[in-house]
Structure formats: C-alpha cells, structure tokens
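Notes follow once the structure below has been shown.
The values are calculated or read from the model by the stated rules, or taken from the named source; none is laboratory data. Keep in mind that this is a model prediction, so the values were computed, not measured. Positions of Cβ are backbone-derived with ideal geometry, glycine not excepted, and every protein chain shown enters the neighbour counts.
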Amino acid sequence: MLLTHNRLLHIRSSKKTRSGGGCGRCADQPERETDVLKRKRKGSIPMESHSNKLEKTIVEKAKELGASLVGIASIADLKASVSYKIYDQKPFYEECKAVEWDEAHKSVLVWALVHPASEPVLDWWSMKVPGFTPGNRVMRMQSRKLRIWLGEELGINALSLPYQIEYGGAFLKDSAHLAGLGVIGKNNLLVTPEYGTRVRLRGIFMEAELEPTGPIDFDPCTGCDMPCHRACPRGAFRSGTFERPFCKEENDQREADFQILDGSIMGIEEASEVVKPCRTCEFACPVAQRN
Ligand code: B12
Ligand code: SF4
Ligand code: SF4
C-alpha cells in the first residue's frame, strides 16, 4: 500500500525495462517466466479463449489458491481508463516518463484478498516482512503460484506485476473495476459487493487475449451521505474528490510514528519497525459491513 509509496519510493533505483524492470533493492519485484516455461508454451494449448472456458479455469484456480475475488480485464480497456490517461500524461514521479507496459501482454488477471478490520496486522508494514505486509506476503505467494501454473498448465506467458506503477505495475483499482470485482467509490477505492472496500489487490499480466469478466452493475455511492469523506483526519476529500497530498501527509506522519513490534506479531523471526497505515476512509464505508 502506501507503505511502498512512502518508504520504498525513496529507495527506488532508476533502472527500468519496458515490461517493468524492477528496483534492484525492492523485494516485491515482477517475476518472469523461466526459459523452461518459454519452451513449454511453444506449441502447447492455444492462447485464445473458447466460450469462456479458459477464463473460468483461471478464475477457479485463483480461488483455489485463496483469492477472495477474481476477474480478468483487457489491457486495451485498461489503457482507456481514467488512471492510465492521467498517469501516462503526468506521472507522479519525475523519473517515470510514461506508463511502460510490454505490448505482448493482452489481459490482466486481478484478484482481491479480504483484509477485515478484525485482522489489522494484514495491512501493517515492515521492511522485514517478505512483500512488506503480511497480507501482501500471502498475495505474492499466490501470484508466484498462479504465474507458474499459467505457464506450465495453460501455456500462457505471464508476468507477476510489481506493486508500483513506475516499475511496470498496473492500476489495480481500475483493473478490478473492469474485471467486475467492484466499482471505484467516492472514497477513491474499490468497493466490492462482498467485502466493501476492505480488500487488497494484486495482478498478473498475461499474453493471452481473454474475455473480460466485468464490469458489474453496482452503485453503492448514489444516495450514500459519504461518511468516507467526513471521516478523513486530513480532510483529503475537502474539494469533493480525493486529494493525494493530504492523504500522504497523514501516512508520512504514521510512518514517522512507527512502533517496534515483536516478530511473532508480523509472522517473522525478529522484532522490526512497524508502520500502521491509515484506513479511516476504508473503515467508514458501510458497504458489506453488517456483520
Ligand atoms: C500510489 C498509491 C497510493 C498513494 C497515492 C494514492 C493516489 N490515489 O494517488 C497513497 C500513499 C496516498 C495511497 C494511499 C492509500 N492507498 Co494506495 N495505492 C497506490 C498505488 C500504488 C497506485 C495508485 C495510483 O497511483 N493510481 C494512479 C492514479 C492516477 O489513480 P488514483 O488517483 O488512485 O485514482 C483514480 C481512479 O480512482 C480513477 N477513477 C475515479 N473514478 C473512477 C471510476 C471508474 C469507473 C474508473 C474505471 C476509474 C475511476 O480516477 C482517479 C484518478 O483521478 C495502488 C496500487 C496499484 N498498483 O494500483 C495502491 C492502492 C490503490 N492503495 C490502496 C490502499 C488500501 C490505500 C490506503 C487505504 C492506505 C492503505 N491502508 O494502504 C490509502 C487510501 C487513499 C484513498 N482514499 O485513495 C489499495 C486500494 C484497495 C482498494 N480497496 O481499492 C491499492 C490498490 C493497493 C493494494 N495493494 O491493494 N496509495
Ligand atoms: S482517511 Fe486516511 S487513507 Fe483515507 S484519504 Fe484520509 S488520510 Fe488517506
Ligand atoms: S462511504 Fe458511501 S460514498 Fe463513501 S465509498 Fe462507501 S458507499 Fe461510497
């Protein structure tokens, strides 16, 4: 989450390739197919979709690996999204000149892992946790397994996406919206019918041209009196829409207020500095929070 923005962005390297590259020091890098997989996929299962069977097989596999929600979007549609246009024309970071994705990738597999309020640790950040948060540690493993499975079983060349856009990552909220996982709410976050906003996202680019699984007809914000906007401790929605600098102020402060926590809390051996990112606008959203 912001974890990587606030801290990892400070240590990112300028090295980058067209399909993501990756920061030399960042543990959450894109993964590539091996040469063995490259050879395997040649002449194996055809890469186009047949009556959505392939899509269903992929979605089922992701669920089997623990994804809470899963879907597929087309990269052409993602390139037409609001986020792509904004970011491509005006990237947030100077060294990022535009969005850089490999033209060979045609579809994005995007999935969510529920991060309930009852398990706050999933979203806490530590440099010593692989993937930086316990939640992303799980998703990183799911991503790796899925990428290997796509290559070995379906012959689909795939790339596990890095978290950050400037390393070749995708706009995960837009991807999830297009794939039918939910919609982007007035809190600027993905709101899903099943878990509201309390999910984290991850994606894989695939070379196969697959049928999108979304979007869905879901409109939680119309008629809502926007507790998400009122709850923000920094007034990040004062203009009526999300304003990133105010949110960043809050999260920079939280980073400065890190705590040293025992390793057992974060699922690691040793104690570490732990940052608890802000989730106030997320928790304020009432969607799917009746229980
Ligand atoms: C950079 C970043 C941040 C930065 C800046 C956020 C920003 N929006 O500018 C900071 C540190 C401030 C931040 C804060 C948070 N983040 Co953050 N962040 C990201 C990251 C890496 C990239 C986002 C980005 O730059 N997008 C590009 C810009 C142009 O888009 P955008 O401003 O986010 O929003 C656009 C869309 O909403 C679009 N849009 C608006 N309406 C509509 C409607 C439709 C139909 C469509 C298609 C699009 C659309 O227009 C907006 C552009 O103006 C993503 C991970 C990823 N790779 O996607 C996570 C991510 C978005 N963050 C996430 C979270 C949870 C948070 C926080 C709650 C903190 C936390 N606990 O982790 C806060 C929430 C702030 C908020 N209310 O938006 C989650 C969101 C999960 C969800 N349910 O949506 C993500 C996906 C990470 C993850 N692992 O799951 N984040
Ligand atoms: S409530 Fe927290 S996470 Fe949401 S916009 Fe405000 S500062 Fe950012
Ligand atoms: S609190 Fe209401 S307005 Fe805000 S995201 Fe949730 S449903 Fe939409």
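Looking only at residues of the stretch 195-243 that are in a loop (DSSP other than H, G, I, E, B) and surrounded by 23 or more Cβ atoms within 10 Å (Cβ to Cβ), we find that the one that is farthest from ligand 3 (Cβ to nearest atom) is Ala208.
Taken together, Gln164, Gln142 contain a single residue that is within 25 Å of Ala98 (Cα to Cα) and away from ligand 3 (no atom under 16 Å from the Cβ), which is Gln164. Just to be sure I understand, how many residues within the stretch 149-188 are outside any helix (DSSP H, G or I) and not hydrophobic (A, V, I, L, M, F, W, C)? Total meeting the criteria: 14. Here the stretch 188-223 is the region considered, the condition is being within 16 Å of ligand 2 (Cβ to nearest atom) and touching a Pro at 6+ places or on another chain (Cβ under 9 Å), and the residue that is nearest to Asn52 (Cα to Cα) is Val191.
Here Leu113, Leu69, Leu78, Leu122 are screened, and the one residue that is closer than 24 Å to Pro286 by Cβ, touching a residue at least 60 places away in the same chain (Cβ under 8 Å) and touching an Asp or Glu at 6+ places or on another chain (Cβ under 9 Å) is Leu69.
For the stretch 130-149, a residue qualifies if it is of a type in the set (S, T, N, Q) and under 12 Å from the mean Cα position of the chain (by Cα), and the qualifying residues are Asn136, Ser143. Within the stretch 263-277, the set of residues being part of a helix (DSSP H, G or I) and more than 21 Å from the chain's Cα centre (by Cα) comprises Gly263, Ser264, Ile265. Gly235 meets each of the listed conditions (1) touching a Leu at 6+ places or on another chain (Cβ under 9 Å); (2) of a type outside the set (A, V, I, L, M); (3) without any contact (Cβ under 8 Å) to a residue 12 or more places away in the chain apart from (1).
Sub-7 Å Cβ pairs linking a first residue in the stretch 209-225 that is modelled with pLDDT of 95 or more to a second residue that is part of a loop (DSSP other than H, G, I, E, B) and acidic (Asp, Glu), at least 6 apart or interchain, are Glu209/Glu48, ordered by first then second residue.
Annotation: of all residues in the stretch 263-284 being more than 10 Å from ligand 2 (Cβ to nearest atom) and closer than 30 Å to Ile86 by Cβ, the one that is surrounded by the fewest Cβ atoms within 10 Å (Cβ to Cβ) is Lys276. Selection within the stretch 247-291: residues that are more than 9 Å from ligand 1 (Cβ to nearest atom) and under 18 Å from Lys186 (Cβ atoms). The member of this set that is modelled with the lowest pLDDT is Gln289. Please work out if Val108 is hydrophobic (A, V, I, L, M, F, W, C), part of a strand (DSSP E or B) and within 12 Å of ligand 1 (Cβ to nearest atom). Yes.
Okay, residues lined up against (1) among the β-branched types (Val, Ile, Thr); (2) under 14 Å from Leu78 (Cβ atoms); (3) out of contact with any Pro (no Cβ under 9 Å at 6 or more places or on another chain):
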| site | (1), (2), (3) |
| --- | --- |
| Phe132 | no, no, yes |
| Val138 | yes, no, yes |
| Arg147 | no, no, yes |
| Gly151 | no, no, yes |
| Leu154 | no, no, yes |
| Tyr167 | no, no, no |
| Lys173 | no, yes, yes |
| Gly182 | no, no, no |
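Among the residues of the stretch 159-208, the one identified as among the charged types (D, E, K, R) and without any contact (Cβ under 8 Å) to a residue 60 or more places away in the chain is Lys186. What do you reckon, is Ile260 part of a helix (DSSP H, G or I) and surrounded by fewer than 19 Cβ atoms within 10 Å (Cβ to Cβ)? Answer is no for this residue.
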